[in-house]
1. What are the pairs with Cβ atoms under 6 angstrom where one residue, in the range 354-373, is under 17 Å from ALA393 (Cβ atoms) and the other, located anywhere, is assigned to a helix (DSSP H, G or I)? Sequence gap at least six, or different chains.
2. Which ones in the range 77-97 are buried (at least 19 other Cβ atoms within 10 Å of the Cβ) and small (Gly, Ala, Ser)?
3. From TYR237, TYR232, TYR292, grab the single residue that is aromatic (Phe, Trp, Tyr), modelled with pLDDT of 95 or more and over 28 Å from ALA162 (Cα atoms).
4. For ALA10, which of the numbered conditions (1) among the small types (Gly, Ala, Ser); (2) part of a loop (DSSP other than H, G, I, E, B); (3) assigned by TED's automatic domain parsing to the domain that holds LEU130 fails to hold?
5. Just checking, does the range 301-312 include any residue being closer than 24 Å to PRO253 by Cα, under 23 Å from the mean Cα position of the chain (by Cα) and not in a strand (DSSP E or B)?
6. Those residues that are hydroxyl-bearing (Ser, Thr, Tyr) and either under 26 Å from VAL347 (Cβ atoms) or crowded, with 24+ Cβ neighbours inside 10 Å (or both), I need them from the range 195-239; list them, please.
7. Select from the range 1-23 the residues that are surrounded by 19 or more Cβ atoms within 10 Å (Cβ to Cβ), at pLDDT 95 or above and within 18 Å of VAL115 (Cα to Cα) and list them in ascending order.
8. Would it be correct to say that LYS310 is of a type in the set (D, E, K, R) and closer than 19 Å to ILE166 by Cα?
Amino acid sequence: MIATTGSTAARVPDAFTSVTVRPLSASTFPFPGSDGKYHIVYDLELTNASRVPATLDKLDVVDAANTGTVIASYSGTRLVQQNCPYGDCNRLRHLPSAPATDTAIPAQESRALFVDFTVDSPTQAPKTVLHHLYGQGAANPGSAAPVAIDYLAAPLDIAAGAPRVIGAPVKGDRWVALNGCCLPGFPHRSSLATFNGQLINGQRFAIDWKQANEDGAFYTGDKTKNESYVDYGATIYAVADGTITSTLDELDPNPPGILPAADPVLAPKITVENVDGNHIVQDIGSGAFAFYAHLEKGSLLVHPGDKVTKGQMIAKLGNTGNANASHLHFHLMNGPSVLGSDSLPYVIDRFSYDGQVAPQAIIDADDYLTGQFLQGRLPNPEPRTEQLPSALAIVNFPA
C-alpha cells in the first residue's frame, strides 16, 4: 500500500493553541534502512497565530493512544545549533528551509520542524502520533505577554501502509548514496520548498547516486570534463513495471564543478521545468511515481505513454539541470508532478551494503568532488534485502 493523506481517530483535547502545528507530509509508515533501524520521517509547520512572541522549548512526539509515552523529543541543539552542517541538529527552520538562528517564533510567523526517529521493529511504532508542544506564547486571544504553554496537537497516521519494494536504478559496485535520508544538513532532507501553493518536500527520501572507482575517487584525469567521471554515461534502469508519464531530453550537459544555482550567470536561467535537468517520470502503480533526473542529453530511450518493465534500460546518467557533477537523482513521489508531489519512502529489493562515507569527507570536498571517499568500506560487503540505503552508504548492486 502507498500512504495517502487521511484523517485519524486520535482526539486532540480542546485548548487555545497560539502556536499551531500542522503536518506537511502525507500520512506515512516505518521503513527499514541499511542501518538496521525502521525510520519514520515527516515535517511539521509551526505558526505563531497570535500577536505575542512565542518560543519553542521542546516538542515531543507521543503515542496518540497513550500520550504519556514519548516516542521522540526535540529540544536544545536538536532544534538549533550553530556550526553544525550535518547531523541531529538544526531541525527548526525558517521557511522554506534555512536553519533557524534561535527557537523564537515571532508573532504571525512560521517555522518548519524536521521530524525523524527510529524503532527496532515496526510493531514498536504506534499507529498514530500526537505532538506535545512546550514553550512560551499567548495563553488566550487577549494575551499581551507570553506565558508558559504546553498542549497536544497535530495527529498523524504513521501506520498508513508499507514501503514500495523496487529494483535498483543503476547496476555495479561502489555507488554512494549522496544526500540520502534522514538527518538534516545535506540536500534532500532539508529541501522543503514552495511549489503549487504549498510547502512541499518531494525530495525527503531522494538519493543522488554517484559511483566511485576502486581507489575511491569519483573521477580520473581532467576534472573539468564530464567524461572523466566514473559514472558519466552509466545506464539507468526502470525500477518497476509502469508507464512513462513525462520526459525532458533537450538540455546540454553542465561543465563539472559549477553549480548553476550558485553561478550569477546561470542561476537566472533555472526554471521549474529545467531545474532537474533531463528527466523521466514513471507511473509505477498504486499511487507511486518514480523520478529519474539529471540524465544525459539524447540518451532517453522512452517517451510519454511508453510501457516499460522492471530492469529495462531507459536512459544514461548525465550532468544536466542544477548539478555540479554527474549523478542520478532518484526518488518516489505520490503524484506525477515533480515539484508538487510529496515524497514516498521505499526500499530496494536487493543490494550489498559496503560501509559508509564519512560526512566530513563530503563537507570538505570541492565542487568537483575531488578526493578519495571509500575509506569506510567494509572488509566484506553484507547482503541486504528490502532496505533503503541510508545517507552516504556505499552500495553494490547486482550487475
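The values are calculated or read from the model by the stated rules, or taken from the named source; none is laboratory data. Worth saying up front: this structure is predicted, and the values here are computed from it rather than measured. Note: ideal-geometry Cβ built from the backbone for every residue, glycine included; neighbour counts use all protein chains shown.
1. Pairs found: PHE373/ALA361.
2. Across the range 77-97, the qualifying residue is only SER97.
3. TYR232
4. (3) is the only condition that ALA10 fails.
5. No, the range 301-312 contains no residue that is closer than 24 Å to PRO253 by Cα, under 23 Å from the mean Cα position of the chain (by Cα) and not in a strand (DSSP E or B).
6. The initial filter retains those residues of the range 195-239 that are hydroxyl-bearing (Ser, Thr, Tyr), namely 219-220, 224, 228-229, 232, 235, 237.
TYR229, THR235, TYR237, listed by residue number.
7. Once the filter is applied, which keeps residues that are surrounded by 19 or more Cβ atoms within 10 Å (Cβ to Cβ), at pLDDT 95 or above and within 18 Å of VAL115 (Cα to Cα), the range 1-23 yields VAL19, VAL21, PRO23.
8. Yes.
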